[in-house]
1. Across 5 Å bins from the origin, how do the percents of Cα pairs in the stretch A:180-220 run, short distances first?
2. With a 1.4 Å probe, what is the total accessible area buried between chains A and B, in Å² rounded to the nearest 100?
3. Rounded to the nearest 20 Debye, what is the dipole magnitude of chain B about its Cα centre when Lys and Arg each give +1 and Asp and Glu each give -1 at the C-beta?
4. Rounded to whole Hz and in sequence order, give me ³J(HN,Hα) for the stretch B:490-505 from the Karplus expression 6.51 cos²θ - 1.76 cosθ + 1.60, θ = phi - 60°, writing x for Gly and Pro.
5. List, largest first, the extents of the alpha carbons of the stretch A:259-314 along their principal axes, each in whole Å.
6. Which of the peptides B:118-126, A:273-281, B:96-104 is most tightly packed, and how do the rest follow, going by the mean number of other Cβ atoms within 10 Å of each residue?
7. Percentage of Cα-Cα pair distances in the stretch B:1-131 greater than 18 Å, rounded to whole percent?
8. May I have the convex hull volume per residue, in Å³, for the Cα set of the stretch B:362-459?
Amino acid sequence: MAQDRDRDQKRAPRGGITDEERKETAAQFAQEYADKMRMLKSGKTADAKAGIEALIKDMEYLVDSCPTGPAFLGKRQKYEESKGWFGAKKSDGQLNMTPFKQAIQNTEKKQVSMIRQELENALKRFPNNAELHALHAIQVFQDINQAGIRSKKLNAMRASLTEMALSIYNGCDQITYAIWFINMYIAYIEYLKDRIMRTTKSADHIPNQRVIELRRELHVHLMQLNFLQGVKEKMVGVNRLATLLKGTIYVNESISILEIKAASQMLLKGQEMQNIKDTKKKASHIIYIYFTLTLLYANVPILKEKVKENLINMPEIHRDLILQKRMIIAADGINEFKAELFSGYAKEARESASKLMKFLSDTIKDHLETAIMTKQFEIDPYIKIAWITLEARDLFPLSDLHELVSSAREGLEVLFSKRCQIKGAAEQGRELYNALTALELSEESRHRDMARNAAAEAKAAEADAVAEAAYAKAAAIDMPTSLR
Amino acid sequence: MGGPETAPSPTTLQEVVERVLELMQGRLYKEALKILVIGLKMDRPKVERMITQRFQAALKIPDWEEAITWGNALFRIKGEDADLANQMGNCARQLDKLPLANDYYRHGLKQDPNHKFLRMNLAASLAKFYKYDAEVENALAMFDTVTPPLLPEYTKMGRFIDRLAEDGSFPDFVALYDAVFQRLGEPQLPPATQLLDDALATNLYNLSLLCLKNGDGDTALPLILRLRKENKLFNGLEIMEACARHCSTNAPTKDRIEGLKELLLQHPKDRFLLVNLGLLYREDNNWLQSMKYLLTAVDLLEQSQGLYGMAEQFQIAEKQYQAGEKEKSVTFFQVVAEQQPRIDVYSRLGEILFELDRFEESLANWLLLKEHFSETPKGQEALEKAYAAFMAKADQVRTEAKASDSVHLYGWAAQIKPTSEAYKSMAQIYHLLKDKDRAYDCEQKQAERKREEEAEALNNEREKLVAQGKAAIQEKKYNEALDFLKQAFILKKDKDVFVLQAYLLKNLKRPKALAELMASWKAPRQEQEKTESEQV
């Protein structure tokens, strides 16, 4: 996808403007912008006040544009129930999606404009069809990239991202759209970061209280955006899945609640390798895809409610399901902890870390105490406890840290025992185990150094006191009797 | 944060059974146990029967996790049953829950102190010996007829003793050893050769064993200490030393136990020490400790296929390697390496694993060798060989167009010996793979390493010239010496070389050359001082 985008960007002329023209416009814009900023900073002209107000408005808009929670998508995440005549629900069973799907692969201008119109018409007829919305969002996203528009680009990107996210909320749970969504999300974050950086730079040295406040706020958001970009690394699992299942029913069809419930029941009966009744989908595949997608969504704060919904839909009738659900909850908790850590909220981060560690310890206590581990998600709590201990090392007092490190290490020892039969788990654990040992040693030596320094200081103070007393005594002796 | 769904408590026995079975199927054991407790209150005999059947079925499969859940429920009803405690202990041990297993065994022993297997299983649990019931009994049976001290066997006689025996001057084995012993006592021995040394050491070892078997610890002790000092690879020198000390003092069992325990801290995997400690505890009527040490020894002996001594293991491993049985020889070498980290063991292991294309394992051995013996010339030589082997293999793989494999091999070679050549090859391959970051890293390392290598080469060259200069002075070839020293001085303005040159020029009465030398000595120093002052 990224390659396509690069190729499209290189293509000239684009959107009716040649590369040279675009460069010229950009230079002109930069010049205007610089003049405006110089004017604002000097504060001498009549337009200065209006300029500052515009800047504040711009900054507030950027703050509002940060995708840090479901509020980014608006108040409602579900489509409104639209009904036909006499209250009957509109059926979209006859809708043929194939041309629209082909259109997002094909960027020939003539065909695209025709299909775009057809898509708009279909959306008017079926405003609650999530897949149509997803395709429309992708179409818009591609248009934004190809046209190279500058004005209101952020707005347009936000609209397409929101439409895509809402389509996921409304049942468009497919590997293909998940990949599209993440690509759009990352592109949006990158553009937003760029805008924030430019705006905060231009707001430097403007002696206005509100500007200063907003600059600080944007700085925190910038750090959060850096962290949110990390979702790119979590794409590995989904990409692998897409490659493995390429051309199969699993990639291009959403998973329904009924399917997931049926798959869970089949897992309980030990029939997970069989197809779900009336479908050609294997129960084990359904469960795996569902959890992989939910785990991916757990790394995107605007999909927080979707993650909750997915977790509720998965019944807790088997340990494997419970452990995977808890793995996703823990991943969500880790994101929260990381966001707090990145934003510099130490107290909140410490609380999140403690809460998370308790949650993971409970998972172990309730489900893994005597388990023979054969699946990766079964070792997840042990690994996560160790990881959090290492990450939160500076948040806890030394006495607590010592206890945390030793319990995390004790937990990791399970990975080296014969109870753990997962290939590569021991190596994974060994790395963390060594890091924890190193942490313990360094903390101990730091503690020892501190104690030694304190002792040396006490000794020096004592020596000083003795010297002072001796000096005072000597001074007192030398002092004439009349003055005493 | 979420938790399992809570269903309403069952009200009838049928509901209890259905719910428990469903939860067990979903591997939700804790929940199932809670429901079982409710069921027990409803109809104890019926539920007890069901639990017993399920417990036995789970043991048969075996599904240890399920078994321990059913067993736990059963244990609430029949807590005084020693057999059940034994089975539960075994279950816990299968799940690697050793403290829990110990608790079950101890509880069982309280109920029935004479239980056939409980004490053996408890000892096995303490020794981390993963066998159960009759298997433990069988393992312990092999020591039934053994009495302490258990000493190693005589080693084969070396060529030296063969020659002496052929001589016919010695009527029997003891006389022969007497002769050897007398010879050892002589202050003026003929110049040592490796063969003679080995032969003497072999006989020294056999002699000390003979002394120990005759109860003469006083004579044996200095011989054993000498062998240990020389770091010879003989079996059971530790236990021999311990026996020699105790033979001479005839110490009580408890003191001997303490002595052996101290030695065991230094050599925790010495099979002789473990067995003797077990036997001494048996003499002292401490059955639990006795079984614990004996079982630990059995575990180790199983790994080394019943062999006590490392020397034999090394020989067998070597023979197997020569016979082409590489996989088997690896197992033996690994056991030796675990107990006696030595250059030859590590390098042999590294070589064999390399030949078997198990490169990462091979690398691990070379790195261990590097960690322990990189300072010794033998160690350096071995590492050099390993580096060359990895580089050659990497080159070969590269020609076969397996870029990612070859880059790994170059990386491993660089781990053994970081050279600019290895980093250069890695950078080239990363460029091919379009991994710019890694390529850049490797280029940086290559440049750094190249600088170091050049400096090293220059230094070696200079040292060689200085050595040649000094040798020429010894031979009174002063002009030649001056030439060498001059060249060395050009490479680096070194104080020692300067002094040597000045000394020679002064004695050769060449004031002009001496003045020039002084000028060239001062010039760079002045420059250096100037730059330093500028920096300040």
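1. 5, 23, 24, 18, 12, 9, 6, 3, 1
2. On the way: alone 27490 and 30920 Å², together 56410 Å².
So the total buried area for this chain pair works out to about 2000 Å².
3. Numbers: 74 positive and 82 negative charges, 242 e Å.
Result for chain B is approximately 1160 debye, rounded to the nearest 20.
4. With coefficients 6.51, -1.76 and 1.60, one gets 5, 5, 8, 7, 9, 5, 4, 5, 4, 4, 4, 4, 4, 4, 5, 5 Hz.
5. The Cα atoms of the stretch A:259-314 stretch 35, 18, 16 Å along the principal axes, largest first.
6. Working: B:118-126: 24.9, A:273-281: 13.2, B:96-104: 18.2.
Those peptides, ordered most packed to least, come out B:118-126, B:96-104, A:273-281.
7. Numbers: 4721 of 8515 pairs.
Pairs farther apart than 18 Å: 55 percent.
8. Values: hull volume 9.4 nm³, N = 98.
Spelled out: Cα convex hull of the stretch B:362-459, divided by residues, is 96 Å³.
The values are calculated or read from the model by the stated rules, or taken from the named source; none is laboratory data. Computed from a prediction, not measured in an experiment: that's the story for all the values here. Heads up, the Cβs are rebuilt from the backbone with ideal geometry, glycines too, and the neighbour counts pull from every protein chain shown. All accessible areas refer to the heavy atoms of the entire protein, side chains included, with ligands and DNA or RNA removed. Shrake-Rupley method; radii C 1.70, N 1.55, O 1.52, S 1.80 Å.
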